[in-house]
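Written below as structure tokens is the structure these notes are about.
Read-outs: derived from the displayed coordinates by stated rules, not from any lab. None of the values given here were measured: they were computed from a predicted structure. Backbone-built Cβ (ideal geometry, glycine too); neighbour counts: all protein chains shown.
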Amino acid sequence: MTERAPAVGRARAEIDLAALRANVRSLRERAPGAEFMAVVKADAYGHGMIPCARAAREAGATWIGTATPEEALAVRAAGIEGRVLCWLWTPGGPWREGIEADLDMSVSGMWALDEVVDAARGLGRAARIQLKADTGLGRNGCLPGDWPELVRAAVAAERDGLVVVTGLWSHFACADEPGHPSIAAQLERFREMVSFAEGAGVRPEVRHIANSPGTLTLPETHFDLVRPGIAMYGISPSPEIGTPEDFGLRPVMTLSASLALVKHAPGGLGVSYGHHYVTPGETTLGLVPLGYADGIPRHASGTGPVLIGGKLRTVAGRVAMDQFVVDLGGDELRAGDEAVLFGPGDRGEPTAEDWAQAAGTIAYEIVTRIGARVPRVYVDDGGAGRE
């Protein structure tokens, strides 16, 4: 059983690394024939990139995935070895450093291939690249009409010793919507584009398209590697496909704070900006020292759930930049008592999905937006420590 960190300071995001490892192992069991890429972009979806990358590696992740090269280079700077793929490149940026750090770098168009080839030529060292196909997401990736030119140019660069094409990959648009016709269409297009590339001479180590929902529900998409992101952190990619419990996953982050103030209030008192909440009678108000500067969504004003004193409460009035108020209904609580915004739900606390519903968004955004003012407290089988 993972030891719980003591309540400290204004607020904390407790990160259960034992739960993260267990999630990785559970996800690996769903794709036993594929390698596993732990996606740690956006500071590991708000959970802390370096500790989470290390924990995922310990649980058997064979690849690390990041969006930006800066993230990938930070992984390397932390001493994390093994394969690292990064995919969100822009002109001018930093190909030479990526080659020197032994990154696998995604290429979606001719401009990127030209730049990485120039960097490799200058270093006298081949770059590892993966070609990304736009199979229907309409975002990053090379469209089918431009694919032949990109593939042939990459094969020529490989023949010249300037690149090694290590992978062919794509990304789903609607894998979190069961039965959506785009899933089958993208999968067919991916197979066609992979077939063309292999016919042109590409010999990839890995072919991959499966994100979290693909890993969980679409075994035909697993190919050589799966890329779980949000599922690794114990959050379902969509309520429509199942809950974390349905998939044997446990939420990794628990967000809590210490009440900064408790005060008795008369009836008819306007609460927070705009007085969108007015106390219906004599009551007790509690001040939670977290706000939208910490990532608490303002759209959850009046609806965000909080566990305080063993009861579920609701944000009273608007979420402000640094704080929000909860009507405690006259309960006798005091400053320093714990307010739990979300966690696994074991103690009756809300989950990130509950906050997503309250704010009209997705759970990805709830955990990812928790800001740097909130310290991450890492909890593990061996005890707790703070990054």
| Given the options Tyr233, Tyr292, Tyr364, which has the most mean-square fluctuation in a GNM of the chain, springs set between C-alpha atoms less than 10 angstrom apart? | Tyr292
| Debye sum, Cα scatterers, segment 59-200, no solvent: what log₁₀ I/I(0) at q = 0.12 1/Å? | -0.49
| request: Starting at the first residue of segment 277-287, write each ³J(HN,Hα) from the Karplus equation 6.51 cos²θ - 1.76 cosθ + 1.60 with θ = phi - 60°, in whole Hz, x for Gly and Pro. | output: 10, 10, 4, x, x, 4, 7, 10, 10, x, 9
| field | Simple Cβ-charge dipole of segment 276-387, Lys/Arg +1 and Asp/Glu -1, about Cα centre, in debye nearest 20 | value | 340
| query | Using the eigenvalues of the Cα gyration tensor, what equivalent ellipsoid semi-axes result for the chain when each is taken as the square root of five times the eigenvalue, whole Å, largest first? | reply | 45, 20, 19
| So what J values fall out for segment 358-367 if you push phi through Karplus, 6.51 cos²θ - 1.76 cosθ + 1.60 with θ = phi - 60°, rounded to Hz, Gly and Pro as x? | 5, 9, x, 9, 10, 5, 3, 5, 4, 6
| Roughly how many Å is it from the Cα centre of segment 22-62 to that of segment 120-173, as a whole number? | 25
| query | Using θ = phi - 60° and the Karplus curve 6.51 cos²θ - 1.76 cosθ + 1.60, what whole-Hz ³J(HN,Hα) does each residue of segment 44-61 get, with Gly and Pro shown as x? | reply | 6, 6, x, 8, x, 5, 5, x, 6, 4, 5, 5, 5, 4, 4, 8, x, 5
| message | Tell me the volume per residue, in Å³, of the convex hull enclosing the alpha carbons of segment 241-387. | response | 116
| message | To test your reading of the geometry: what angle, between 0 and 90 degrees and rounded to tens, separates the Cα axis of helix 17-30 from the longest principal axis of the chain? | response | 50
| query | Relative to the Cα centre, what is the charge dipole magnitude of the chain, using +1 at the beta carbon of each Lys and Arg, -1 at the beta carbon of each Asp and Glu, and rounding to the nearest 20 debye? | reply | 420
| field | Cβ crowding within 10 Å averaged over residues, with 206-219, 297-310, 188-201 ranked highest first | value | 206-219, 297-310, 188-201
| said: From Cα pairs below 8 angstrom and at least 6 apart in sequence, can you work out the relative contact order of segment 58-156, rounded to a whole percent? | reply: 20
| note | Spelling it out for Phe324: with amide H atoms placed in the peptide plane at 1.01 Å from N, the residues 5 or more places away or on another chain with amide H under 5 Å from its amide H are Val288, Leu290
| request: Would you work out the relative contact order for the chain, in percent, from Cα pairs under 8 angstrom that are 6 or more residues apart? | output: 18
| What's the angle, to the nearest 10 degrees (0 to 90), between helix 147-159's Cα axis and the longest principal axis of the chain? | 70
| query | What angle, in degrees between 0 and 90 and rounded to the nearest 10, separates the Cα long axis of helix 181-199 from the longest principal axis of the Cα atoms of the chain? | reply | 30
| request: Quick one: which residues, 5 or more positions from Val84 or on another chain, have an amide H under 5 Å from its amide H? H modelled 1.01 Å from N in the peptide plane, none for Pro or chain starts. | output: Ile64, Asp104
| task | List the residues whose amide H sits under 5 Å from the amide H of Ile296, counting only those 5 or more places along or on another chain, with H placed 1.01 Å from N in the peptide plane. | result | Gly291
| task | Taking each pair of different alpha-carbon atoms in segment 300-345 once, compute 1/r for the pair, average those values, and report the inverse of that mean as the Kirkwood hydrodynamic radius in Å to one decimal. | result | 11.2
| query | Which residue, Trp95, Trp111, Trp147, tops the fluctuation ranking in a GNM of the chain built on C-alpha contacts under 10 Å? | reply | Trp111
| remark: When the chain is treated as a Gaussian network with springs between alpha carbons less than 10 Å apart, the largest mean-square fluctuation among Val39, Val278, Val226 is found at Val278
| query | Which number do you get for Rg(Cα) / (2.2 N^0.38 Å) in segment 57-101? | reply | 1.14
